[in-house]
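Quick notes on the structure that follows.
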Amino acid sequence: MENCIFCRIIAGEIPSATIYEDEDFKVILDISPAAKGHALILPKQHYANLYELPEELCGKVMKLAKRLAAHMTEKLSCDGFNLVQNNGEVAGQTVFHFHLHLIPRYKDGDNRDLLTWNQLSYQDGETDQLVGLLRL
Ligand code: 5GP
Ligand code: ZN
């Protein structure tokens, strides 16, 4: 994956501000942060997105996110925390190597509307249709 910027960061070809590393993951500060301390969990192996990420790593990534959320909240004294994970261009993904955003939130910070969207509503019967379609 020589053209993948995150693979190149993981290989050490491009410098990054690394706050954690183990055999499966590297965690770096985002270069254009939504808030101070915004970090990215990167699996060391290249998987384009959540669809490709093996289940075993899904479990590990969430455990690591919980650990880092607690640690970063303590160290940064932030007031809240978002986990964000984009899959596909239409969903806002710009780097096609799976990553989980760890975004500290501050009461007096910018980007208060970081994750807001227009709220739609369902017509009669639509909810039932969706439940019929989606129930697993
Ligand atoms: P996405 O939009 O794909 O969910 O997020 C990609 C993120 O990667 C963006 O927040 C962007 O700022 C970050 N990013 C892109 N290139 C680099 C880089 O070279 N180094 C670091 N540390 N972050 C990057
Ligand atoms: Zn990659």
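The values are calculated or read from the model by the stated rules, or taken from the named source; none is laboratory data. Quantities reported herein were computed from a predicted structural model and do not represent experimental measurements. In this analysis, Cβ positions are derived from the backbone assuming ideal geometry, glycine residues included, and neighbour counts consider all displayed protein chains. Ligands, DNA and RNA are stripped out before the accessible areas are found, and what is left, the full protein with its side chains, is counted by its heavy atoms. Shrake-Rupley method; radii C 1.70, N 1.55, O 1.52, S 1.80 Å.
For segment 1-80, what is the relative contact order in percent, using Cα pairs closer than 8 Å and at least 6 residues apart in sequence?
Relative contact order here is 18 percent.
Check the straight Cα-Cα distances from Lys44 and name the lysines below 27 Å, setting aside those fewer than 8 residues away within the same chain.
Output for Lys44: Lys26, Lys36, Lys60, Lys63, Lys66, Lys75.
Can you give me the % of accessible surface on the chain that is carbon or sulfur? Probe 1.4 Å, all protein chains present, nothing else counted.
Ligands and nucleic acids excluded, carbon and sulfur give 51 percent.
Suppose a student asked you for the relative contact order of the chain, using Cα pairs under 8 Å spaced at least 6 residues apart; what percent would you report?
24 percent
Under the rule of at least 5 residues apart or a separate chain, name every residue whose amide H is placed under 5 Å from the amide H of Ile19.
Val27, Ile28, Leu29
Can you tell me which aspartates and glutamates have their Cα less than 19 Å from the Cα of Lys107? Leave out same-chain residues fewer than eight positions away.
Result set, ordered by chain and number: Glu74, Asp79.
State the Cα centre-to-centre distance between segment 98-136 and segment 17-66 in whole Å.
Rounded to whole Å, the Cα centres lie 21 Å apart.
With only Lys, Arg, Asp and Glu charged, each at its Cβ (+1 for the first two, -1 for the last two), find how big the charge dipole of segment 69-116 is about the Cα centre; round to the nearest 20 debye. Please report the intermediate quantities before stating the final value.
On the way: 4 positive and 6 negative charges, 20 e Å.
So the magnitude is around 100 debye.
Local charge sum around Leu64 (other residues, Cβ-Cβ under 10 Å, Lys/Arg +1, Asp/Glu -1)? Don't jump to the answer; show the numbers that get you there.
Details: positive: Lys60, Lys63, Lys66, Arg67; negative: Asp22, Asp24.
Net of charged neighbours comes to +2.
Taking only protein heavy atoms into account and a 1.4 Å probe, give the accessible area per residue of segment 1-52 in Å².
60 Å²
Lys and Arg at +1, Asp and Glu at -1: add these up for the other residues within a Cβ distance under 15 Å of Ile103 and post the number.
Net charge around Ile103: +2.
Using +1 at the Cβ of each Lys and Arg and -1 at the Cβ of each Asp and Glu in segment 39-136, identify which of His99, Ser121, Asn86 lies farthest towards the dipole's positive end.
Projecting each Cα onto the dipole axis, the largest value belongs to His99.
How far is helix 55-76 tilted, in degrees, relative to the longest principal axis of the Cα atoms in the chain, given as a value from 0 to 90 rounded to the nearest 10?
Value to nearest ten degrees: 70.
Quick one: Kirkwood hydrodynamic radius for segment 47-118, alpha-carbon pairs, angstrom, one decimal?
Taking every pair of different Cα atoms in segment 47-118, averaging 1/r and inverting gives 13.6 Å.
For the chain, what are the per-bin percents of Cα-Cα distances with bins 10 Å wide, up to the bin holding the maximum?
11, 36, 32, 16, 5, 0
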